[in-house]
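Reading through the structure tokens given below for one structure.
The values are calculated or read from the model by the stated rules, or taken from the named source; none is laboratory data. Just so it is clear, the model here is predicted, and its values are computed rather than measured. Note: ideal-geometry Cβ built from the backbone for every residue, glycine included; neighbour counts use all protein chains shown.
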Amino acid sequence: MTLPSPDPLSLATLRRAGDDLVTISARFCTGPGQVSGRGRSPPGLVRSVATTVAGGYLVFLLVVLIFHVWVAGEQGALLSAVRGGAPLTAVAVAAFVLLSWLESRARP
């Protein structure tokens, strides 16, 4: 089986999207090793984590849509990603909460 060669326009679009993601994420950093989310109130932290999780999930679905559905032509891939990605997202959030709690207890 031979894979179709990717369209140069789609590769340029992906490159631009990657550059935009780097630019957006750089805006949230205040310096080397410092993230602007430190010291937020619990509602602000919850909102920040929820926004990050939702954004990451949407980017994941976008990658599946572009590479699996559009480029590779796998029509059922997006539904599979929605079904499989949601539990993985829940596990990742639970791990983040648990590890953050353990870190906060270990601080002097």
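Scanning segment 73-94 for residues that are under 19 Å from residue 59 (Cβ atoms) and aliphatic (A, V, I, L, M) returns 77, 78, 79, 81, 82, 86, 88, 90, 91, 92, 93. Beta carbons closer than 7 Å, at least 6 apart along the sequence or on distinct chains, pair a first residue in segment 57-69 that is over 21 Å from residue 93 (Cα atoms) with a second that is assigned to a helix (DSSP H, G or I) and not acidic (Asp, Glu) for 65/78; 66/14; 68/77; 69/77; 69/78.
Residue 103 fulfils the conditions (1) under 30 Å from residue 15 (Cβ atoms); (2) modelled with pLDDT under 90; (3) not in a loop (DSSP other than H, G, I, E, B) except for a single criterion, (1).
Scanning segment 64-76 turns up no residue that is aliphatic (A, V, I, L, M), part of a helix (DSSP H, G or I) and either in contact with a strand residue (DSSP E or B) (Cβ under 7 Å, 6 or more places away or on another chain) or under 15 Å from residue 50 (Cα atoms) (or both).
Contact map, segment 82-97: first residue within 15 Å of residue 49 (Cα to Cα), second residue among the hydroxyl-bearing types (Ser, Thr, Tyr) and part of a helix (DSSP H, G or I), Cβ cut-off under 6 Å, separation 6 or more or different chains; pairs are 89/57.
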